[in-house]
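Take a look at the structure set out below.
The values are calculated or read from the model by the stated rules, or taken from the named source; none is laboratory data. This structure is a prediction, so every number in the text was calculated from the model and none was measured. Glycine gets a Cβ as well: all are built from the backbone with ideal geometry, and neighbour counts include every protein chain shown.
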Amino acid sequence: RAEIAGQRVAIFKPRIDDRFDATDVVSHAGARMRAIPVSSVAELEARVKDSEVVGIDEVQFFEPAVVPAALALADRGVRVVVAGLDQDFRRLPFGPIPELLSHAEFVDKLQAVCHRCGGPATTTQRLVDGAPAPYSGETVVVGAAEQYEARCRECHEPGVDAARAVSAAA
Ligand code: ZN
């Protein structure tokens, strides 16, 4: 909408995420917009220049410095729009998201469709070889031989650590 209104818009995304396309932000519905991949918050700040609207996609993957950076931009009149996952696969708050939520003037919480039951999905299920990933796994594993599914609260399955599974079986 900002681009249609003729405003100077810059959209950034973390370079970590190249699942789809190196330079476009692609929604799961297929809509795409040009985005600048950056490796750090410092690089993002250096490339904002005179943008009137700054979008940051997959913001959960940025380091904590993205919060003061977004606040500094907003304080000097830039409209900042960030998007990201609010929870990791363990259903814990994801990276800088809690702080961004508390500072935001407006928050839209979106829901996906649960892969299991078709209901409104608010969680992300990480699967390794089709089974829930262990709770102790790394939070960010991009491009690994894993799958992610949107799940509702009822269908989300907590991953069991192999060590815990062994001791429970003993
Ligand atoms: Zn479900």
Discussion item. Six or more apart or on different chains, Cβ atoms under 7 Å: show the pairs whose first residue is in region 112-128 and away from the ligand (no atom under 11 Å from the Cβ) and whose second is charged (D, E, K, R) and part of a strand (DSSP E or B).
Written reply: LEU127/GLU149
Fill in: Where GLN111 falls short, out of the listed (1) loosely packed, with under 13 Cβ neighbours inside 10 Å; (2) under 28 Å from SER39 (Cβ atoms); (3) among the polar types (S, T, N, Q)
(2)
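Can you pull out every residue in region 75-100 that is under 17 Å from ARG8 (Cα atoms) and either part of a strand (DSSP E or B) or touching a His at 6+ places or on another chain (Cβ under 8 Å) (or both)?
If the condition is that a residue be under 17 Å from ARG8 (Cα atoms) and either part of a strand (DSSP E or B) or touching a His at 6+ places or on another chain (Cβ under 8 Å) (or both), then ARG79, VAL80, VAL81, VAL82 are the ones that fit.
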Worksheet item: ASP57 versus (1) charged (D, E, K, R); (2) at pLDDT 95 or above; (3) closer than 15 Å to GLY95 by Cβ: which is the lone unmet condition?
Response: (2)
Practice prompt. Kindly list the number of the only condition in (1) farther than 16 Å from HIS156 by Cβ; (2) assigned to a loop (DSSP other than H, G, I, E, B) that fails for ARG116.
Written response: (1)
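From GLU58, GLU3, grab the single residue that is acidic (Asp, Glu) and surrounded by 15 or more Cβ atoms within 10 Å (Cβ to Cβ). So that I can check it myself, show each step before the final result.
Working: GLU3 fails: surrounded by 15 or more Cβ atoms within 10 Å (Cβ to Cβ).
Sole residue among the options that is acidic (Asp, Glu) and surrounded by 15 or more Cβ atoms within 10 Å (Cβ to Cβ): GLU58.
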Worksheet item: Before we move on, is PRO132 touching a Gly at 6+ places or on another chain (Cβ under 7 Å) and within 16 Å of the ligand (Cβ to nearest atom)?
Response: yes
